[in-house]
Amino acid sequence: MAAPIVRFNFLHVYHRLALFKHRPHETFVTLCQFYSSESAARQKPEQNITVLGNTYKTDSWTNVRPKILEKVGKNLHLKKGHPLNLLKTRIEKHFYENYFNRWRNPLFSVYDNISPVVTLEQNFDSLLVPEDHISRSLSDSYYINTKYMLRAHTSAHEHDLIKSGLDAFLIFGDVYRRDHVDASHYPVFHQVEGARLFTEHQLFSKVRDPTNLKLFEEGRREPTKQESHTLEAAKLMEFELKSTLENLAADLFGKGLETKWVETYFPFTHPSWELEVKFQGEWLEVLGCGILEQQILKSESIVKQCVTLIYRHKIFISYFKIDCVWQVALAMCYTAGAVDSIGWAFGLGLERLAMTLYDIPDIRLFWSEDSGFLSQFEGSDHLKPIKYKEGAHPVSKFSPCINDLSFWIPENFSENDFHDLVRNVCGEYVEQVKLIDDFKHPKTKRQSQCYRIVYRHMEKSFTKEEVNVMHEKVAKLATEELGVEIR
Ligand code: DAH
């Protein structure tokens with residue numbers, strides 16, 4: 001087990017977008033964790049949990065904890081004067097002011113209040129996330145039960161909105177991921193998702209002679225395009241997508257910004273890229289994007305429509321003895337117009353961007369109710385550059401209390417389970433959990449880990465006793481729930 005754990009840490013800590021970036025063959029470690037967390041979950045008795053007024057029955061898959069459920073419905077991105085709301089307003093305005101439809105109305109419709117409770121189908125299947133993908137594991141996502149979960153990304157609504165007939169939209173929302181505890185990771189954060197579809201006519205409208213240009217062909221999948229897309233369509237889409245996002249980045253960070261595109265993988269787009277921007281001398285990954293897999297645009301309703309049409313025309317068809325292939329072709333003709341588009345999409349984490357733009361040093365500050373933090377943003381014009389003044393807020397004033405915890409871990413122990421447990425016991429009072437020692441006993445072959453837990457209150461100093469109470473509770477629950485043996 002030792003080697004895979006090290007590999008997992010490296011990949012996982014890397015970045016938030018990394019969760020959906022993994023190719024299926026990179027999932028082997030998490031699959032072990034999948035089952036470890038699964039067996040831990042099995043022992044829990046069935047209960048009801050209520051999220052946003054709806055009640056769900058827990059089952060063997062439930063791993064969402066009360067501290068996380070407390071955050072559902074807080075909607076920081078909708079809270080006036082909150083830095084996430086300021087950033088949301090800037091992004092929204094950028095799209096409203098730069099993209100119009102033919103009636104001069106804003107092109108992109110905005111959805112910012114869709115419930116974060118989604119089905120596994122919405123979060124994964126509708127986006128072609130493979131069955132054994134890392135993001136589906138119990139150690140990476142928050143499950144309400146085997147059917148429902150807290151969305152791990154705003155992409156979860158893409159398929160539904162496309163199916164409903166929209167061709168340009170932005171979705172803002174809170175997303176939930178089980179992750180490590182440190183200054184830039186929090187199990188709840190916010191994303192904006194954008195998508196735009198083009199018909200053949202729209203995509204080639206700026207080309208001088210578009211007569212021979214087509215969106216689709218029956219070709220081969222290549223690094224630059226999907227099998228059903230023509231090269232000219234794929235290239236024009238890439239240009240459209242990249243220029244849209246470069247303009248957004250320039251608007252947010254200022255003109256003259258250095259940017260770079262890095263090719264990557266997402267299950268729902270091909271080709272896929274990440275945009276990095278150079279900010280204060282460092283390359284910062286800001287978003288993931290790509291050309292939507294064509295299969296996602298062929299919505300289920302279209303298939304249903306085909307079946308209905310075939311059925312309706314059965315009498316006509318059987319009268320003329322048209323065979324089965326022609327029946328399908330005929331039905332497809334009726335539905336053309338719905339699958340005649342090609343689309344791009346992007347996803348961007350708001351906290352990471354706001355921390356950079358406003359110089360916010362710790363992700364927990366977004367959840368602070370403290371006026372010292374919020375008053376710096378309240379009443380601000382979203383266009384005015386604001387810099388958070390660390391000195392004005394006690395975040396660095398109160399010293400941390402550092403306690404280490406060493407234990408023998410059982411087989412298939414998941415590091416994320418431990419981070420999650422600490423977060424559940426200590427909430428915002430924990431600043432960081434860090435694995436500082438990991439060794440295997442040469443004789444017994446048992447594995448021991450030592451975690452350094454940094455406790456820090458953002459509004460007062462902790463006493464040693466207060467910290468000891470939390471630390472002992474962490475040790476007790478880790479023994480009971482995760483099966484570790486304290487050393
Ligand atoms: N949903 C991805 C994530 O959270 C981000 C993303 C990548 C969204 C590519 C997209 C996209 O729409 O095309 O990791």
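Hey, with R₀ at 41 Å, roughly what FRET efficiency would residue 472 and residue 132 work out to, going by the Cβ-Cβ distance, to 0.05?
It comes out at approximately 0.60.
State the extension gain, in nm to one decimal, for the chain segment bounded by residue 284 and residue 367, taking 0.36 nm per residue of separation less the distance between their alpha-carbons.
27.5 nm
Counting other Cβ atoms within 10 Å, which GluC sites (Glu not before Pro) in region 230-292 have at most 13 and lie in a DSSP loop?
Here the sparse-neighbourhood loop sites are 258.
For region 230-287, run through the trypsin sites (Lys or Arg not before Pro) and keep only the ones in DSSP coil with at most 11 other Cβ atoms within 10 Å of their Cβ.
For trypsin sites (Lys or Arg not before Pro) across region 230-287 that sit outside H, G, I, E and B with at most 11 neighbouring Cβ atoms in 10 Å, the list reads 255.
Could you pull out the chymotrypsin sites (Phe, Trp or Tyr not before Pro) across region 48-155 that fall in loop regions by DSSP (anything but H, G, I, E, B) with no more than 10 other Cβ atoms inside 10 Å?
Those that pass, being in a loop and sparsely packed, are 103.
Which whole-number percent is the relative contact order of region 406-487 (Cα, under 8 Å, 6+ apart)?
After rounding, I find 41 percent.
Evaluate E = 1/(1 + (r/R0)^6) for residue 93 and residue 443, where r is the Cβ-Cβ distance and R0 equals 45 Å; express this FRET efficiency to the nearest 0.05.
Here the calculated transfer efficiency is 0.10.
Quick check: at a probe of 1.4 Å, how many percent of the accessible area of region 55-164 sits on carbon and sulfur atoms?
49 percent
How much of the accessible area of region 422-487, probe 1.4 Å, is carbon plus sulfur, in whole percent?
Carbon-and-sulfur percentage of accessible area, whole number: 51.
Leaving ligands, DNA and RNA out of it, work out the accessible area of residue 237 with a 1.4 Å probe and give it in Å² to the nearest 10.
0 Å²
The values are calculated or read from the model by the stated rules, or taken from the named source; none is laboratory data. Predicted model, so just to flag it, every value in this text is computed and none were measured. Cβ coordinates were reconstructed from backbone atoms using ideal geometry, including for glycine residues, and neighbour counts include every protein chain displayed. Please note that ligands, DNA and RNA were not included when accessible areas were found on the heavy atoms of the full protein model with its side chains. Shrake-Rupley method; radii C 1.70, N 1.55, O 1.52, S 1.80 Å.
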